Amino acid sequence: MADRVTVIGWDGSPLTEAARSALGAATLVAGAAHHLALPEVPHEAERIRLGSVHLAARRIALHRGSAVVLADGDPGFFGVVRALRAGEHGLEVEVVPAVSAVASAFARAGMPWEDAEIVVAHPRTLRRAVNVCRAHPKVAVLTSPGAGPAELGLLLEGVHRTFVICEELGTARERITVVTSDRAADHAWRDPNVVIVIGGNATAGGTDNGWIAGRDPAGPVRGWALSAREYGAGTPLEGESRELRAAQLARLGPRTGDLVWDIGSGTGAFAAEAARFGAAVLAVDADPDACARTTASARRFGVRVQVVHGGAPHILEDLPEPDVVRVGGGGEPVVSAVADRRPAAIVTHAGTRDEAELLGRTLAEHGYAVECALLQSVALDVGEWTETERTVVFLLSAHRPDRAP
């Protein structure tokens, strides 16, 4: 095992005395090409081009001498420190930090960033990163080859965002470009880059977030499964009782990085509450009044919901891939069309046992594990303690056994 392993962050500024001292004593140096070209790297040291961090870690573990790993920005922030410290390598490291690429990007843009979400986009995580950009007004994306500004812009089709693209920060080739998301695919972007994605009600000055970085998990309102009047909807629509909505949300478990379809959005209550969990939400309804109510509900609670006016199932063909889906109306044809898209989970409801059996059979035929519960809720006048409303509905929930939660 190496006698000493030092990880040095590099942000383009002159190296600190601690970094220069560690490099001067190094017998092995790992880093990208521009790191290995630094004049402080000893000529006699063994050099490793840093592609796979895990392969480099194995070589460092076998090395006898002092090893240095050079990395852009803060190596402890979505960087190499985690991989080097992984149990299979057994490496203890010292870290000389630098300013993170995210901090540098927001500084170049002249924007605060304690209220920003921060995601890493690889080809395997690109879709989830895009969903965060759909759901949140300010997101910093640490990109990678094959998951850069062009790919982000293509997957955000239909959602207007502004991109601040920061290329090769800290180098002589540094470039800052501001484009709309629909134009990002028209350019070739240099790696490495960071993309600040701005949309919704985010402003250059930001807002006073107060006490917590990122999104306040509590949101502006306390509680879930609120009454229809909390959403400015007045009387709830059929099948939209708050008890049913609570059960549907519990079965789907929407979360950050998900794309939720809400088909038959009605009052917009379900869409707004799913968005409050941090998920991206795409709400569909054939009724323009329902679309307007959904937009108003989202605005009322300070969340972003993309509203699509159109009838299911045909309108679903051109929508981006969902993670979880609530079918609020449309019956078996819509449930079947949704199941064809293979989301991880689906919830729907039925007013009769025959309808519930048909929906359950359709979901099972598509390979889903299906559960059904008969939900009854009774509203009482607490002054007289008399019944004011009774709702009975079959709740169907389905999940794919072959897909991880």
I want to verify a result. In a Gaussian network model of the chain, Cα cutoff 10 Å, which of these has the top mean-square fluctuation: D186, D74, D115? D186
Fraction of alpha-carbon pairs over 26 Å apart in the range 1-137 - percent: 29 percent
Given Cα pairs under 8 Å that are at least 6 residues apart, what percent is the relative contact order of the chain? 10 percent
For G253, distant residues with modelled amide H under 5 Å away: none
Name the residues whose placed amide hydrogens come within less than 5 Å of the amide hydrogen of A283, ignoring near sequence neighbours (fewer than 5 apart) on the same chain. D262, Q306, V307, V308
At a 1.4 Å probe, what is the % contribution of carbon and sulfur to the accessible area of the range 1-83? 55 percent
Can you give the convex hull volume per residue for the Cα atoms of the range 1-50, as a whole number of Å³? 81 Å³
Gain in length, Q376 to R222, computed as 0.36 nm per residue apart minus the alpha-carbon separation, to one decimal in nm? 52.9 nm
What nm distance separates the two modelled labels at E389 and F78, each placed 7 Å from Cα along Cα→Cβ? 4.4 nm
Hull volume per residue for the chain, using the convex hull of the C-alpha atoms, in Å³ is 166 Å³
Taking Rh as the Kirkwood radius, which is the inverse of the mean 1/r over Cα pairs, what is the Rg/Rh value for the range 100-196? 0.92
Of all the accessible heavy-atom surface of the range 250-344, with the other protein chains kept in place and a 1.4 Å probe, what percent is carbon and sulfur? 50 percent
FRET efficiency (L55, D186; Cβ distance; R0 22 Å; to 0.05) is 0.05
Give me the extension gain from I212 to R341: residue separation times 0.36 nm, minus the current Cα-Cα distance, reported in nm with one decimal. 42.7 nm
Extension gain, R4 back to H309 (0.36 nm per residue minus Cα-Cα distance, nm): 103.7 nm
Cα convex hull of the range 264-401: how many Å³ per residue? 129 Å³
Which percentage, to the nearest 5, of the DSSP beta bridges contained in the chain is antiparallel? 50 percent
Counting heavy atoms of the protein chains only and a 1.4 Å probe, report the per residue accessible area for the range 285-405 as a whole number of Å². 52 Å²
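The values are calculated or read from the model by the stated rules, or taken from the named source; none is laboratory data. Because the structure is a prediction, the values reported are computed rather than measured. In this analysis, Cβ positions are derived from the backbone assuming ideal geometry, glycine residues included, and neighbour counts consider all displayed protein chains. Just the protein is used for accessible areas: all its heavy atoms, side chains included, with ligands, DNA and RNA removed. Shrake-Rupley method; radii C 1.70, N 1.55, O 1.52, S 1.80 Å.
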